[in-house]
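The values are calculated or read from the model by the stated rules, or taken from the named source; none is laboratory data. In this text the structure is predicted, and so the values were computed from the model without any measurement. Here the Cβ is made from the backbone with ideal geometry for all residues, glycine too, and neighbour counts use every protein chain on show.
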Amino acid sequence: MTSTSLPGAATERGVMPAASVRGLSKTYGHGDTTVHALRSVDLDLAPGRFTAIMGPSGSGKSTLMHCLAGLDRPTEGTVSIAGTDITALDDDRLTHFRRDHLGFVFQAFNLLPMLTARQNIMLPFELAGRRLEPGATERIEQVIDVLGLRDRLDHRPGELSGGQQQRVAIARALAADADVVFADEPTGNLDSTASSEVLSYLRRSVIEMGHTVVMVTHELDAAAYADDVVVLADGRVRAHLETPSRDEIVHALEGGDR
């Protein structure tokens, strides 16, 4: 189904958006070298769903994710995560917010080679000096089982395949029960079989555990795993599609009407 979701649609349904931006703009450079990466973007992303952000090179999709995730500050506008305006936070508070509320999965798996899979999964807790809250151990064990890592926990990254390493990175992002997990081209370094495996596990984390996943991708096959697809062009939202077909995604990418 194609949705012409207007700003605030998630709120109108009585559900607070997992992430929300208003009037979001990002420019780089000055004068003749100015690049408008984002232009007054308004967007709500629903909780408990898998959203793919797509668009051609230079469309602003990575910039949008970086602003949503607090990795880059917008030139104008606001970004809210689970009701918190992160654009109002100073650098220290923003760093703590990212650590406590957001998860990240990137192309490069970013695992520490000297640590086992389990130690890599638990690393955010160690770095933050956080004790496991009641129920956290059970949740982490569920993440491990959902991602099929039970028999790989004592292996170091060098002993794991690329797909297994990416699953460990996903488990690390999910273990802390983040409000939103951001995945930036998470299958970019994987073959087609491993890519399908990783995307299936991301999908399961949404369906079985209620996580919110926002993924930047340029691959139609990857976007097919998502509930919703946001298509950007020239720094603007061209379409916000709800449970789209492959043909609807292609139509939006080619510049068709919403």
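Brief remarks follow.
- Subset of the range 224-258 (residues that are farther than 18 Å from ASP44 by Cα and either within 18 Å of the chain's Cα centre (by Cα) or β-branched (Val, Ile, Thr) (or both)): ALA224, TYR225, ILE249, VAL250
- Picking from residues in the range 231-258 that are among the aliphatic types (A, V, I, L, M) and farther than 25 Å from ALA194 by Cβ, the one that is surrounded by the fewest Cβ atoms within 10 Å (Cβ to Cβ) is ALA233.
- Spans of strands (runs of 3 or more DSSP E) in the range 144-258 with at least 1 residues under 30 Å from ALA117 (Cβ atoms): 180-184, 213-216
- When GLU126, GLU185, GLU133 are checked against the criterion of being within 30 Å of GLY60 (Cβ to Cβ) and surrounded by fewer than 21 Cβ atoms within 10 Å (Cβ to Cβ), a single residue qualifies: GLU185.
- Here THR84 fulfils each of the conditions (1) in contact (Cβ under 8 Å) with a residue 24 or more places away in the chain; (2) touching a helix residue (DSSP H, G or I) at 6+ places or on another chain (Cβ under 8 Å); (3) not charged (D, E, K, R) apart from (1).
- Test set (1) at pLDDT 90 or above; (2) surrounded by 18 or more Cβ atoms within 10 Å (Cβ to Cβ) - PHE109 fails condition number: (1)
- Number of residues in the range 188-224 that are within 19 Å of GLY55 (Cβ to Cβ), touching a helix residue (DSSP H, G or I) at 6+ places or on another chain (Cβ under 7 Å) and surrounded by fewer than 21 Cβ atoms within 10 Å (Cβ to Cβ): the value is 2.
- Among the residues of the range 62-85, those that are in contact with a Lys or Arg (Cβ under 6 Å, 6 or more places away or on another chain) and farther than 15 Å from LEU43 by Cα comprise GLY70, THR75.
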